[in-house]
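The values are calculated or read from the model by the stated rules, or taken from the named source; none is laboratory data. The model shown is predicted, which means the values in this text are computed figures rather than measured ones. Note: ideal-geometry Cβ built from the backbone for every residue, glycine included; neighbour counts use all protein chains shown. SASA here: full protein model, heavy atoms, side chains in, ligands and nucleic acids out. Shrake-Rupley method; radii C 1.70, N 1.55, O 1.52, S 1.80 Å.
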Amino acid sequence: MTKIIIIDDHQLFREGVKRILDFEDSFEVIAEGNDGNDVLRLYEQYLPEVVLMDINMPTKNGVDATAELIEKYPDAKVIMLSIHDDESYVTHALKTGALGYMLKEMDANAIVAAIKVVAKGGSYLHPKVTRNLVSEFRRLSERENKGNFHQTEIRRPFHLLTKRECEVLQLLTDGQSNRTIGETLFISEKTVKNHVSSILQKMNVNDRTQAVVTGIKNGWVEVR
């Protein structure tokens, strides 16, 4: 059973997320709070596996609350909830120790998937957030290398991945979700998940974001 705490100052949003999670047999929402000041007290009282934390709250925001929590409990697993997909918000949240960043526009399946990944020690970023981070990574790398970072010829890693896995890796770089990748390639979402798992294993990385960054560094994918 994955025990979850929800911290958000909007009661209706909390109730909506709780209803979604209550449908999942392996999830249990054990406590709720409406401000970042509630986090430490609730965490120490309930010791949850995952904390869902709103990034914008009136008294203490989610970034400061996460930093405080991680400083005292380094193994705490926090997923940040936000309406912002700007890379500055994302990088700030991740620097504090959050393992996930979800946009509040995510559907129920994506929320469940994110919690399962983070509960196991992985990290999860909304596809739109991943796309923005990739764009920022490319911009910084190009500046760092005086324009030489972007390769004129993309060398697909056929020595490592199958042709289909290369296609999936490219679509991950484009910021597409599993569902959208399936629709693009005319395959099922389950098949996409299998391809992603195989890609992570072959590339020896922990999550989709690491796979994308590795692909960019090696010139295996295009940043479009």
Does region 50-98 hold any residues that are among the aliphatic types (A, V, I, L, M) and more than 15 Å from Ile7 (Cβ to Cβ), and which are they?
Ile83, Val90, Leu94
Give me the pairs: first residue in region 27-50 and over 11 Å from Ala65 (Cβ atoms) and not assigned by the TED database to the domain that holds Ala114, second residue assigned to a strand (DSSP E or B) and aliphatic (A, V, I, L, M), beta-carbon distance under 9 Å, and six or more apart or on different chains, which are they?
none
Restricting attention to region 16-36, report how many residues are surrounded by fewer than 15 Cβ atoms within 10 Å (Cβ to Cβ) and of a type in the set (Val, Ile, Thr).
0
Can you tell me how many residues within region 200-223 are within 14 Å of Gly122 (Cβ to Cβ) and either open to solvent by less than 20 Å² (accessible area, probe 1.4 Å) or assigned to a helix (DSSP H, G or I) (or both)?
7
Go through region 164-199 residue by residue and tally those that are within 16 Å of the chain's Cα centre (by Cα) and part of a loop (DSSP other than H, G, I, E, B).
4
State yes or no: is Val39 at pLDDT 90 or above and buried (at least 22 other Cβ atoms within 10 Å of the Cβ)?
yes
Go through region 107-123 and give me each residue that's outside any helix (DSSP H, G or I) and touching a Leu at 6+ places or on another chain (Cβ under 9 Å).
Gly121, Gly122, Ser123
Subset of region 82-95 [among the acidic types (Asp, Glu) and either open to solvent by less than 40 Å² (accessible area, probe 1.4 Å) or part of a helix (DSSP H, G or I) (or both)]:
Glu87
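Listed here are the residues, each with its yes/no results for (1) over 16 Å from Asp8 (Cα atoms); (2) open to solvent by 20 Å² or more (accessible area, probe 1.4 Å).
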| site | (1), (2) |
| --- | --- |
| Ile70 | yes, yes |
| Ala76 | yes, no |
| Met80 | no, no |
| Gly97 | yes, yes |
| Ala113 | yes, yes |
So Glu15, is it within 25 Å of Thr209 (Cβ to Cβ) and acidic (Asp, Glu):
no
Taking Met53 as the residue in question, decide whether it is more than 19 Å from the chain's Cα centre (by Cα), crowded, with 18+ Cβ neighbours inside 10 Å and within 20 Å of His126 (Cβ to Cβ).
no
May I ask you to verify whether Leu133 is aliphatic (A, V, I, L, M) and at pLDDT below 85?
yes
Specify which of the listed residues (Glu165, Glu153, Glu183) is out of contact with any Leu (no Cβ under 7 Å at 6 or more places or on another chain), among the charged types (D, E, K, R), modelled with pLDDT of 90 or more and open to solvent by 50 Å² or more (accessible area, probe 1.4 Å).
Glu183
